[in-house]
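**Student:** There's a structure below that I have some questions on.
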Amino acid sequence: MCLLAGYGWLAVGGALMVVYGNPAAGPLYDAVLHAVFVGFVFSMIFGHAPIIFPSVLGRPIPYRSFFYVHAALLHAALAARLVGDLLLLPSLRVWGSWGT
């Protein structure tokens with residue numbers, strides 16, 4: 001789930017670049033930057049953590065459905081931030097930034 005969501009955020013960042021070009025600064029730049037670096041990168045980190053941590057720590061980490069909570073919070077907050085960026089709503093952008 002985390003990998004697919006990460007690819008989705010990468011597609012959102014790419015689509016924003018195709019539509020708006022390469023924004024130098026401002027809300028569009030913020031939206032592109034966070035879609036790629038927070039949405040894609042952190043989703044990949046969350047998705048690979050259950051594989052990497054047991055190999056590094058040398059002990060198994062049992063699966064819990066609670067592990068999806070942090071991923072859901074990340075994606076919901078990032079979506080709020082991007083909507084705040086694209087609709088020029090600073091309060092929504094701030095709440096999204098606090099969430100991520």
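The values are calculated or read from the model by the stated rules, or taken from the named source; none is laboratory data. Since the model is a prediction, treat every value here as computed from it, not as a measurement. Here Cβ is always computed from backbone atoms with ideal geometry, including for glycine, and neighbour counts include all displayed protein chains.
**Student:** How many residues does segment 18-38 hold that are closer than 15 Å to Ala80 by Cα and out of contact with any Leu (no Cβ under 9 Å at 6 or more places or on another chain)?
**Tutor:** Looking only at that region, the number is 1.
**Student:** When you scan segment 78-92, how many residues do you find that are over 10 Å from Ala31 (Cα atoms) and assigned to a helix (DSSP H, G or I)? Please lay out each step first, then the result.
**Tutor:** Step one: of segment 78-92, the residues over 10 Å from Ala31 (Cα atoms) are 80, 87-92.
With assigned to a helix (DSSP H, G or I) added as a condition, the list becomes 80, 90-92.
Selection size over segment 78-92: 4.
**Student:** Further question on the same structure: If I filter segment 10-62 down to residues being among the hydrophobic types (A, V, I, L, M, F, W, C) and in a loop (DSSP other than H, G, I, E, B), which single residue comes out as surrounded by the most Cβ atoms within 10 Å (Cβ to Cβ)? Lay out the reasoning, then the answer.
**Tutor:** As a first pass, look at segment 10-62 and keep what is among the hydrophobic types (A, V, I, L, M, F, W, C): 10-12, 15-19, 24-25, 28, 31-33, 35-38, 40-42, 44-46, 49, 51-53, 56-57, 61.
So of that shortlist, the ones also in a loop (DSSP other than H, G, I, E, B) come out as 24-25, 61.
Details: Ala24: 7, Ala25: 7, Ile61: 12.
In this case the residue turns out to be Ile61.
**Student:** Also, I was wondering about something else. Return yes or no: is Leu3 more than 24 Å from Val69 (Cβ to Cβ) and either modelled with pLDDT of 95 or more or in a helix (DSSP H, G or I) (or both)?
**Tutor:** no
**Student:** Inspect segment 64-72 for any residue being in contact with a Cys (Cβ under 8 Å, 6 or more places away or on another chain), assigned to a helix (DSSP H, G or I), surrounded by fewer than 20 Cβ atoms within 10 Å (Cβ to Cβ) and touching a residue at least 24 places away in the same chain (Cβ under 8 Å) and give the result as yes or no.
**Tutor:** Within segment 64-72, one or more residues are in contact with a Cys (Cβ under 8 Å, 6 or more places away or on another chain), assigned to a helix (DSSP H, G or I), surrounded by fewer than 20 Cβ atoms within 10 Å (Cβ to Cβ) and touching a residue at least 24 places away in the same chain (Cβ under 8 Å).
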